[in-house]
Amino acid sequence: MAGRNHLFIPGPTNTPHEVLSAMHLPMEDHRSPIFPDLFKPILADLKKIFRTETGQCFVFPATGTAGWEVALTNCLNPGDKVLIYRFGQFSHLWIEMAKRLGFTVEFHEVEWGKGIPLDDLEARLKADTGHEIKAVLATHNETSTGVTSDIGGVRKALDAANHPALLFVDGVSSIASIEFRHDDWGVDAAISGSQKGFMLPAGAAILAFSQKALAAASTSTYPRAFLSLQDQINTNKDGYTPYTPSTPMLHGLRKSLELLLAEGIDNIYARHHRLAEGVRRAVAAWGLEICAQPGFESDTVTAIVVPADKDAREVISIAFKKYNISLGAGLSEVSGKVFRIGHIGDMNDVSLLGAIAGVEMALLDSGIAIQPGSGVGAALEYYRATA
Ligand SMILES: *Cc1c(COP(=O)(O)O)cnc(C)c1O
């Protein structure tokens, strides 16, 4: 099909031309004396994206999922208890991983569409007077439902309970896109991946750890090998890696950091908010609902609920086959009930208006009664008024 297939999925996201060009280069010697000139500044600049001065950043040649495993296996001891809420596919998968790795998982169900219930969390932490909970696992942006939780609020709950548990945050679809403050929120392990806000191909787990987490890692007895933080620490200090890094990925990351820092982290948050708000207005104009409950709306991905007698998979299939755009599918419990528009990464008003127009056509083709142009009209008026 002529024209471009644009990604309106919440990862992998569209990779900017400058980043693609920066990655297209011959392989190089990762043990050369000049390799640290590339790698050390990347590790330093990542701290600005995570907003940490006291923490340390890491890049593993893996994906976000491995980042969960790095946090669990490096900072905890075998069998340790972790507390987590399940309200979507990614929090679900993190629970499953922690169980498989032999941790004691205390998890609580939350209605899909909502996020971490802060009052409940605070009460549970206060009740844990013996401090058996060693870590709270928080999914910042639940990509499957388009729900953002209040991580600053999670920190407040920990502090209100005077609880020493570590705070691990899955920020795979939030970091580098929506507000994330590693130091201010007292995050101990922040987990991200390359293919979302960082606008790169999949293949890097991008992480930040607090000094408290690193101290825990230095005494933890959980077995780990490839995903060892200590092996990274030992080699990263001289600007090298414990095994062969993906050098094209690092050059791409160098360029994406340049783009992100040139735009400015606060401007990036504001842009994502504005783009997301236009999508929400379009959905309201169609007369449809979003999965996220008020107060939990994500600025990187919106999950849109189709009428009960319709199948969201058909909308996604028509959008791809007939109009050449990729939308996110509903996962597990919301499969067929929602489709998702990813508005994360390299995105602007006009690109997103293309997505909204494509969605309108696919909705109409699926027999969902919306007014043609209503969503596009609502979004473009909002974008014009706030440009
Ligand atoms: C994409 C995503 C993951 C999984 O990351 P992979 O890179 O696919 O391993 C984990 N958590 C969230 C919130 C995500 O959006």
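The values are calculated or read from the model by the stated rules, or taken from the named source; none is laboratory data. Since we're looking at a predicted model, the values are computed, not measured. With ideal geometry, Cβ positions are generated from the backbone for all residues, glycine too; neighbour counts draw on all protein chains shown.
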Between a first residue in the stretch 5-24 that is in a loop (DSSP other than H, G, I, E, B) and within 16 Å of the ligand (Cβ to nearest atom) and a second residue that is among the hydrophobic types (A, V, I, L, M, F, W, C) and at pLDDT below 95, which pairs have beta carbons less than 8 Å apart while being 6 or more apart in sequence or on different chains?
13/7; 14/7
The lone exception for residue 191 - which of (1) under 23 Å from residue 154 (Cβ atoms); (2) part of a loop (DSSP other than H, G, I, E, B) it fails
(2)
State yes or no: is residue 266 within 23 Å of the chain's Cα centre (by Cα), closer than 30 Å to residue 19 by Cα, modelled with pLDDT of 95 or more and not in a helix (DSSP H, G or I)?
no
Could you give me the residue pairs with C-beta distances under 8 Å whose first residue belongs to the stretch 272-284 and is under 12 Å from residue 357 (Cα atoms), whose second residue is buried (at least 23 other Cβ atoms within 10 Å of the Cβ) and basic (Lys, Arg) wherever it lies, and which are 6+ apart or on separate chains?
none
Do you know which of the residues in the stretch 322-336 that are over 12 Å from residue 359 (Cβ atoms) and of a type in the set (A, V, I, L, M) is modelled with the highest pLDDT?
329
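Which one of these is touching a residue at least 60 places away in the same chain (Cβ under 8 Å), of a type in the set (S, T, N, Q) and in contact with a helix residue (DSSP H, G or I) (Cβ under 7 Å, 6 or more places away or on another chain): 145, 139, 63, 73? It would help to see each step written out before you state the result.
Working: 139 fails: touching a residue at least 60 places away in the same chain (Cβ under 8 Å); 63 fails: in contact with a helix residue (DSSP H, G or I) (Cβ under 7 Å, 6 or more places away or on another chain); 73 fails: in contact with a helix residue (DSSP H, G or I) (Cβ under 7 Å, 6 or more places away or on another chain).
So the residue among 145, 139, 63, 73 that is touching a residue at least 60 places away in the same chain (Cβ under 8 Å), of a type in the set (S, T, N, Q) and in contact with a helix residue (DSSP H, G or I) (Cβ under 7 Å, 6 or more places away or on another chain) is 145.
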Can you tell me which residue in the stretch 206-234 is nearest to residue 167 (Cα to Cα), limited to those that are within 16 Å of the ligand (Cβ to nearest atom) and out of contact with any Asp or Glu (no Cβ under 9 Å at 6 or more places or on another chain)?
208
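Any residue that is within 22 Å of residue 49 (Cβ to Cβ) and within 22 Å of the chain's Cα centre (by Cα) - is there at least one of those in the stretch 210-225?
Residues of the stretch 210-225 within 22 Å of residue 49 (Cβ to Cβ): 210-214, 217.
Subset that is within 22 Å of the chain's Cα centre (by Cα): 210, 213.
Yes: the stretch 210-225 contains one or more residues that are within 22 Å of residue 49 (Cβ to Cβ) and within 22 Å of the chain's Cα centre (by Cα).
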Within the stretch 137-177, can you find the residues that are within 20 Å of residue 334 (Cα to Cα) and of a type in the set (Gly, Ala, Ser)?
144, 146, 149, 173
Could you pull out the residue among 212, 255, 196 that is of a type in the set (D, E, K, R), assigned by TED's automatic domain parsing to the domain that holds residue 67, in contact (Cβ under 8 Å) with a residue 12 or more places away in the chain and part of a loop (DSSP other than H, G, I, E, B)?
196
May I ask you to say which residue of 237, 196 is within 16 Å of the ligand (Cβ to nearest atom) and among the basic types (Lys, Arg)?
196
Criterion first (under 29 Å from residue 194 (Cα atoms), surrounded by fewer than 24 Cβ atoms within 10 Å (Cβ to Cβ) and either among the small types (Gly, Ala, Ser) or not assigned by TED's automatic domain parsing to the domain that holds residue 156 (or both)) does residue 67 satisfy it?
no
The stretch 46-57: number of residues that are surrounded by fewer than 17 Cβ atoms within 10 Å (Cβ to Cβ) and part of a helix (DSSP H, G or I)
1
Residue 269 - would you say it is of a type in the set (Phe, Trp, Tyr), surrounded by fewer than 19 Cβ atoms within 10 Å (Cβ to Cβ) and outside the structural domain of residue 145 (by TED's automatic domain parsing)?
yes
Just to be sure before I move on: is residue 165 more than 28 Å from residue 246 (Cα to Cα) and without any contact (Cβ under 8 Å) to a residue 40 or more places away in the chain in the structure I sent?
no
For residue 248, work out the one condition from (1) within 28 Å of residue 331 (Cα to Cα); (2) surrounded by fewer than 22 Cβ atoms within 10 Å (Cβ to Cβ) it doesn't fulfil.
(1)
Residue 221 vs. criteria loosely packed, with under 15 Cβ neighbours inside 10 Å and not basic (Lys, Arg):
yes
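I want to confirm something. Restricting to the stretch 144-166 and keeping residues that are of a type outside the set (S, T, N, Q) and within 16 Å of the ligand (Cβ to nearest atom), which single residue is farthest from the chain's Cα centre (by Cα)?
Within the stretch 144-166, the subset of a type outside the set (S, T, N, Q) is 146-147, 150-161, 163-166.
Narrowing further to those that are within 16 Å of the ligand (Cβ to nearest atom): 146-147, 150-151, 154.
Working: 146: 11, 147: 11, 150: 14, 151: 13, 154: 17 Å.
Checked the stretch 144-166; the qualifying residue farthest from the chain's Cα centre (by Cα) is 154.
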